[in-house]
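Novice: Questions regarding the structure given below will be posed in turn.
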Amino acid sequence: MVSVAVAANFTAPMQKIAAAFEADTGHQATLSFGASGKFYAQITHGAPFHVLLSADEATPARLEREGKAVADTRFTYATGALVLWSAQPGLVDDQGAVLRSGGFRHIALANPKVAPYGAAALQVMEKMGLAATLQPRWVLGENIAQTFQFVASGNAQLGFVALSQVMADGRMAQGSAWRVPASLHAPIRQDAALLLPGRGNAAAVALLQYLRGDKARSIMRAHGYGA
Amino acid sequence: MPFTSADLAAIGLTLRLAATTMVLLLVLCTPLAWWLAHTRSRWRGPVSAVVALPLVLPPTVIGFYLLITMGPSGPLGQFTQWLGLGTLPFTFWGLVVGSLIYSLPFAVQPLQHAFEAIGQRPLEAAATLGAGPLDRFFTVAVPLARPGFITAAILSFAHTVGEFGVVLMLGGNIPGVTRVVSVQIYDHVEALEYTQAHWLAGGMVVFSFVVLLGLNLTRRHAAASVVR
């Protein structure tokens, strides 16, 4: 049995990967979803997770430095993509010009201080020279899942979410979206690490191996990740 | 200075939210508690149960349903848009609506118990002396129920200060508008700013202790004055 702390943005693909992993290897995987910063606090205080699939590079690196992750087990399992999305069809154009026209009241993003997708969204707005203009309309989600909920419920007319949240089976689900070019923000490298409680756990080692395999990577690509 | 300006803004906002909620709850819950204390209607049971729901429902359930009902396609959201107010999530008044529901039982129940404890006899005595219903209510029932009002005020204020899940779901974490102390603490913890988190979290513990101690003292004082 392997207990996995999974970044919220990776929820959908990880459920599929875990199902395939269990079918292919016979190991059991228990998944917990949440914000990477919260997992960091829990892991440093003895949470019994075996594997961390973080939304960033910094958290696993920090855990390794502090001796909470097994050295030399870190690797980038996926590269995230950012999308500006609205539940309304036709609101978001494919160039992101809607950000300049400003025909909306609230724009949702994950809290840039704590969430990698929020930090990337902030970089995009800064690069477009719109950060100061748009800031009064920001609503911040605690993590990317909550940010998605703000937009999906229509309370925020649009927002920056993970491509994986609006993409299933290689297609955009509904509404309107602008796939933000990767040149507008630093790459969202999502790193995995084996945590101390997982040392010597065969299922944990097998899962990390499985994440590098073709089956897992094709699931990730279908959800819009670079893998 | 242990608190940043963002912390102070969160503290000010939290106190404003708690005070607004407390005043509105006392106004709205007094007739409701009076009705619950005196009615023989078959609706008494269901209404009491609805009032107590926020005690047992997870705040995420309340927040989630409010986000949907107050959203642009929800019934409450359509109503506020029809009034020209826009939608309520991500606004101070949206949090007030959430807090009214979240803290409702903490205002209704002490008032209801206080009204029940008065019983019918003082009111009947006042009636035989010629006092009308409103007169009886304001000059007999309200003064006798004073400990209930104090308890309801303190508990609804303190419980709103301690609100987190509903605000997180409805607020959107906007500085000065919806970023209350509990959310600010959560942000500090997630950003690994543990020193800042400690100052605010410790402040919450001290505040809550003082409130509950004060509540205890007023209750003993009230009990003593009844004996006298």
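Novice: As a test of the formula, what do you get for chain B when each DSSP H run with n ≥ 4 contributes -39,500 (n - 2.57) and the sum is divided by the residue count, at 222 nm and rounded to the nearest 500 deg cm²/dmol?
Specialist: Only helices count here, giving -25000 deg cm²/dmol.
Novice: Moving to a separate point now. Counting DSSP beta bridges in the protein assembly as shown, what percent are antiparallel, to the nearest 5? Spell out each step's value before the answer.
Specialist: Working: 20 of 35 bridges.
The antiparallel proportion sits near 55 percent.
Novice: Within 10 Å of each residue's Cβ, count the other Cβ atoms and sort A:25, B:30 from fewest upward. Present the calculation step by step, with values, prior to reporting the outcome.
Specialist: Values: A:25 15, B:30 21.
Neighbour counts put them in this order, fewest first: A:25, B:30.
Novice: Return the average number of partner chain Cβ atoms within 10 angstrom of each residue Cβ along peptide A:148-157.
Specialist: Partner-chain Cβ atoms within 10 Å, mean over residues of A:148-157: 5.
Novice: Mind checking the angle between helix A:116-127 and chain A's longest principal axis? C-alpha axes, 0 to 90 degrees, to the nearest 10.
Specialist: Long axis of A:116-127 versus the principal axis of chain A: about 30 degrees.
Novice: Of the candidates B:12, B:84, B:71, which one comes out as most mobile in a Gaussian network treatment of chain B with C-alpha springs shorter than 10 Å?
Specialist: Of B:12, B:84, B:71, the Gaussian network model singles out B:84 as fluctuating most.
Novice: Among rounded, prolate and oblate, which fits region B:5-227 when a ≥ b ≥ c are the square roots of the eigenvalues of its C-alpha gyration tensor, a/c under 1.5 means rounded, and a/b larger than b/c means prolate?
Specialist: oblate
Novice: Further question on the same structure: Hey, what angle do you get for helix B:92-118 against the long axis of chain B, alpha-carbon based, 0 to 90 degrees rounded to 10?
Specialist: That works out to roughly 30 degrees.
Novice: Classify the protein assembly as shown: rounded, prolate or oblate, from the alpha-carbon gyration tensor (a ≥ b ≥ c, eigenvalue square roots; a/c under 1.5 rounded; otherwise prolate if a/b is larger than b/c)?
Specialist: prolate
Novice: With each run of n ≥ 4 DSSP H residues scored as -39500 (n - 2.57), what mean residue ellipticity at 222 nm is computed for chain A after dividing by its residue count and rounding to the nearest 500 deg cm²/dmol?
Specialist: -10000 deg cm²/dmol
Novice: Pick from A:55, A:168, A:121: which residue has the top mean-square fluctuation in a GNM of chain A where Cα pairs under 10 Å get a spring?
Specialist: A:168
Novice: Which cross-chain or sequence-distant (5 or more) residues have an amide H under 5 Å from the amide H of residue A:180, H modelled 1.01 Å from N in plane?
Specialist: Amide H neighbours of residue A:180, under 5 Å, 5+ apart: A:82, A:83, A:84.
Novice: Right, another one. Which of A:32, A:49, A:140 sits farthest toward the positive end of the charge dipole of chain A, with +1 on the Cβ of Lys and Arg and -1 on the Cβ of Asp and Glu?
Specialist: Farthest along the dipole direction, towards plus: A:140.
Novice: OK, next. Inside 10 Å of the C-beta atoms of B:181-188, what's the mean count of C-beta atoms belonging to other chains? Intermediate values should be presented prior to the final figure.
Specialist: On the way: counts 0, 0, 3, 0, 0, 6, 6, 2.
For this peptide, the per-residue mean of nearby foreign Cβ atoms is 2.
Novice: When B:187, A:72 are ordered from fewest to most other Cβ atoms inside 10 Å of their Cβ, what list results?
Specialist: The order, fewest Cβ neighbours first, is A:72, B:187.
Novice: Where does helix A:202-211 land angle-wise versus the long Cα axis of chain A, in degrees 0 to 90, nearest 10?
Specialist: Orientation of helix A:202-211: about 40 degrees from the principal axis.
Novice: Please order A:49, A:10 by the number of other Cβ within 10 Å, starting at the fewest. Can you show the working numbers first?
Specialist: Details: A:49 22, A:10 27.
Arranged by neighbour count, lowest to highest, A:49, A:10 become A:49, A:10.
Novice: Considering amide H positions built from the backbone, and no H for Pro or chain starts, which residues 5 or more places from residue A:107, or on another chain, come under 5 Å of its amide H?
Specialist: Correct list: A:138, A:139.
Every number here is computed from the coordinates shown, using simple stated rules; none is lab data. Given the structure is predicted, the values throughout are model-derived calculations rather than measurements. Because the Cβ atoms are built from the backbone with ideal geometry, glycine has one as well, and the counts that use them run over all protein chains shown.
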